[in-house]
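Below is one structure, written out as structure tokens; comments come after it.
The values are calculated or read from the model by the stated rules, or taken from the named source; none is laboratory data. Keep in mind that what you see is a predicted model, and the values were worked out from it rather than measured. Please note: Cβ atoms are built from the backbone with ideal geometry, for glycine as well, and neighbour counts cover all protein chains shown. In case anyone asks, the SASA skips ligands and DNA or RNA and just uses the protein heavy atoms, side chains included. Shrake-Rupley method; radii C 1.70, N 1.55, O 1.52, S 1.80 Å.
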Amino acid sequence: MTRTRIFVLNGHPAEASLTGAVAKSYANAAQKAGHEVRFTNLHDLEFDPDYGFGGYVNQKPLEADLEKLLQDIEWAEHVVVATPMWWGGLPAKLKGVFDRAFLPGRTFDTRNTTKLGLPAPLLTGRTGRVLLLSDTPGWFFRLFYRNALIVQIQQQILEFVGIKPVKVTQFAGASHPKDGVVDKWIKRAAKIGAQAA
């Protein structure tokens, strides 16, 4: 087995959550399988999620927690983000992580472009996984919302900065899961984690 460096971000802002349990199951199984794992809870990060006065020329200085998070992503070979879907999008604090930390010169390069004319990604050489918990059934999410949140976090955020491919695992019915479903989700996350997938 190839030992993989994995960074897991539990993107739920609460101290305890089902999202956090799924993320922890992935991380624990990966570590038990011999992979090197770093784990961060969004709840524990202290930073201003509002980019505020900042701009690409006058950037807002990164807080220590955001700098550490970036260092963990740069260290990793595989990046995992577990997140709930709130109002069709990411929780505000998790979106704030990307707004504040994924900046030009560090995660993408606006001075150099790809063949498509997009900024060159600077976090290449890493793969990703999104663990998405929602109430919206997968079929409804695909048919009516066109997987909007998945497109955002998979393509417009992670793959934009070079983390690719990014696979997505969706757990639907998260607010009121049926009996036994949570255990299945925890085991599914563990299976994926053990494979560093």
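Under 5 Å from the amide H of Phe171 lie the amide H atoms of Leu132, Leu133, Ser134, each residue being 5 or more positions distant or on a separate chain, with H modelled from the backbone and absent for Pro and chain starts. Relative to the longest principal axis of the Cα atoms of the chain, the long axis of helix 64-75 makes an angle of roughly 80 degrees. For the chain, the longest piece that avoids every one of the GluC sites (Glu not before Pro) found in DSSP loops with at most 10 other C-beta atoms within 10 Å covers 47-197. Ligands, DNA and RNA left out, the accessible area of the chain computed with a 1.4 Å probe is 52% carbon and sulfur. At full extension, Thr114 and Asp179 could sit 18.6 nm farther apart than now, given 0.36 nm per residue minus the alpha carbon distance. Please compare each pair in Lys115/Lys191; Lys24/Lys115; Lys115/Lys167; Lys93/Lys167; Lys93/Lys115; Lys60/Lys187 to a cut-off of 29 Å on the Cα-Cα distance and tell me which ones are over it. Lys115/Lys191; Lys24/Lys115; Lys93/Lys115; Lys60/Lys187, as the Cα separations exceed 29 Å there.
At a probe radius of 1.4 angstrom, the accessible area of the chain per residue rounds to 53 square angstrom.
Of the residues Ser17, Phe98, Thr169, the one whose Cα sits farthest toward the positive end of the charge dipole of the chain, with +1 on the Cβ of Lys and Arg and -1 on the Cβ of Asp and Glu, is Thr169. Rounded to the nearest 10 degrees, the inclination of helix 181-194 to the longest alpha-carbon principal axis of the chain is 50 degrees.
Taking all protein chains together, Trp87, Trp185 sort by accessible area into Trp87, Trp185, largest first [probe 1.4 Å].
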